[in-house]
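Below is one structure, written out as structure tokens; comments come after it.
The values are calculated or read from the model by the stated rules, or taken from the named source; none is laboratory data. Just so it is clear, the structure is predicted and the values come from calculations on it, not from any experiment. Counting neighbours? That spans all protein chains shown, and the Cβs are built from the backbone with ideal geometry, glycine included. Accessible surface areas use protein heavy atoms only, side chains included; no ligands, DNA or RNA. Shrake-Rupley method; radii C 1.70, N 1.55, O 1.52, S 1.80 Å.
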Amino acid sequence: MLEMLPGLVRIYEEWAERYPDVQPLTIQFAADGKSERGLDGVLAYPLDGHWLLVSFGLTELGEKTSEEPRVSGAGFEFTCRVPREEGDETVPAWPLRVLHALADHFLSGSDLDVGHWIITPSPLGGEPANGDMTSLVIIPDVDVRVMDTDNGIVLFHQIVGLTTGEAEDVQQAGTATPLVAVLRDRDPRMLTDPSREPVRL
């Protein structure tokens, strides 16, 4: 079973240390039949005020297959935090679509790393209600930045939604650092919240 793969067990264990009393939902993605690579799924943690989403499948969940002994697979998994109403046990579909598309974007050859940003022409996840939140920036996860596994290290890259204006400012400045600093001051959890007030630098 997928849940018994040692790499996934390590991800469970690592996040259980941070949130020992929270049982995540395991959301598996169906294989597209086109490739053996891709995102296998997401762990969704129902936390106070938000969902924490942690991807799995970009790193080596089973046996070691890559030639680099120090790094597991791609070397990272994605995380994301989105608002959650009290008592809500249904994970929103749009951030799952974002994580899946971002993984496919990486696996198609795009370089994605901390400090990079992705500008899209439509609301995140194709969700009209997300309105002006059209872009993403990648930062180190605010809770767990790295963990060791038998297959090598795994980094956790948190994706954070940006409005169109914020993305334009980042593009013009050539760096997301100042904007990320302001967003972090406003919300240390760095939620991707389409209803938040935009930041202009």
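None of ARG97, ARG184 is in a helix (DSSP H, G or I) and more than 16 Å from the chain's Cα centre (by Cα) except ARG184.
Counting the residues of segment 157-193 that are of a type in the set (A, V, I, L, M) and either closer than 21 Å to PRO92 by Cα or surrounded by fewer than 17 Cβ atoms within 10 Å (Cβ to Cβ) (or both) gives 8.
Within 13 Å of the chain's Cα centre (by Cα) and closer than 23 Å to GLU14 by Cα: which single residue out of GLY57, GLY75 fits that description?
Details: GLY75 fails: within 13 Å of the chain's Cα centre (by Cα).
Just one listed residue meets the conditions, GLY57.
Could you check, for segment 76-91, whether at least one of its residues is touching a strand residue (DSSP E or B) at 6+ places or on another chain (Cβ under 9 Å), on the phi < 0 side of the Ramachandran plot and modelled with pLDDT under 95? Yes, there is a match, as at least one residue in segment 76-91 is touching a strand residue (DSSP E or B) at 6+ places or on another chain (Cβ under 9 Å), on the phi < 0 side of the Ramachandran plot and modelled with pLDDT under 95. Can you name the residue in segment 62-93 that is hydrophobic (A, V, I, L, M, F, W, C) and free of Cβ contacts under 8 Å to residues at least 40 places away in the same chain and is also nearest to ASP104 (Cα to Cα) among such residues? Among residues in segment 62-93 that are hydrophobic (A, V, I, L, M, F, W, C) and free of Cβ contacts under 8 Å to residues at least 40 places away in the same chain, the one nearest to ASP104 (Cα to Cα) is ALA74.
Check segment 144-165 and report whether any residue there is more than 19 Å from the chain's Cα centre (by Cα) and more than 28 Å from GLY57 (Cα to Cα). For segment 144-165, residues more than 19 Å from the chain's Cα centre (by Cα) and more than 28 Å from GLY57 (Cα to Cα): present.
Taken together, VAL199, VAL142, VAL154 contain a single residue that is closer than 24 Å to PHE29 by Cβ, open to solvent by less than 60 Å² (accessible area, probe 1.4 Å) and either touching a helix residue (DSSP H, G or I) at 6+ places or on another chain (Cβ under 8 Å) or in a loop (DSSP other than H, G, I, E, B) (or both), which is VAL154. With the requirement that a residue be under 14 Å from ASP40 (Cβ atoms), of a type outside the set (A, V, I, L, M, F, W, C) and surrounded by 21 or more Cβ atoms within 10 Å (Cβ to Cβ), what does segment 70-115 give you? If the condition is that a residue be under 14 Å from ASP40 (Cβ atoms), of a type outside the set (A, V, I, L, M, F, W, C) and surrounded by 21 or more Cβ atoms within 10 Å (Cβ to Cβ), then SER72, GLY73, GLU77 are the ones that fit. Within segment 58-69, one or more residues are small (Gly, Ala, Ser) and surrounded by 14 or more Cβ atoms within 10 Å (Cβ to Cβ).
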